[in-house]
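Please treat every number below as a calculation from the coordinates, not as lab data. All of these numbers come straight from a predicted model, not from anything done at the bench. Positions of Cβ are backbone-derived with ideal geometry, glycine not excepted, and every protein chain shown enters the neighbour counts.
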Amino acid sequence: SFNSPLLVHAEEERSNENLVDFLSPLRSALRKRQLVEISYNDLKGHDTVRTIRPLGLTAFEKVWLLTAWCEKKSDFRNFRVDRIVALENIGKTFPRERGRELKDYLATL
């Protein structure tokens, strides 16, 4: 279903240390619906810290994308896993909320 938190759309996975370090804890946070804080280096080279609700992981065009609800921006965001610099599971679960679920994000596409 389109509400599945893991969607794979690629034949080849990009080899990167960050993938090894972060995919497993991200999968765990997805399953347990736990808030995560990430330090992220965006495509423009800016560093930012975000508290997110991880909603889905997608392998697309050789990169893994993390789809999440960003608490700072109060909106959906996609983060390239290979650009995550640090990750910390905050240890808090987040509730199911209308408008903040993976199916809600997919409806915007």
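Things to note:
- Summed side-chain charge close to Gly91 - residues other than Gly91 whose Cβ falls under 13 Å, Lys, Arg +1, Asp, Glu -1: +1
- Put in line by how crowded their Cβ is, counting other Cβ atoms within 10 Å and starting with the fewest, Val63, Val20, Val85 read Val20, Val85, Val63.
- Between Asp75 and Glu97, the modelled labels are 1.6 nm apart [label points 7 Å from Cα along Cα→Cβ].
- Sorting 50-62, 23-35 by average packing, meaning the other beta carbons within 10 Å per residue, from highest down gives 50-62, 23-35.
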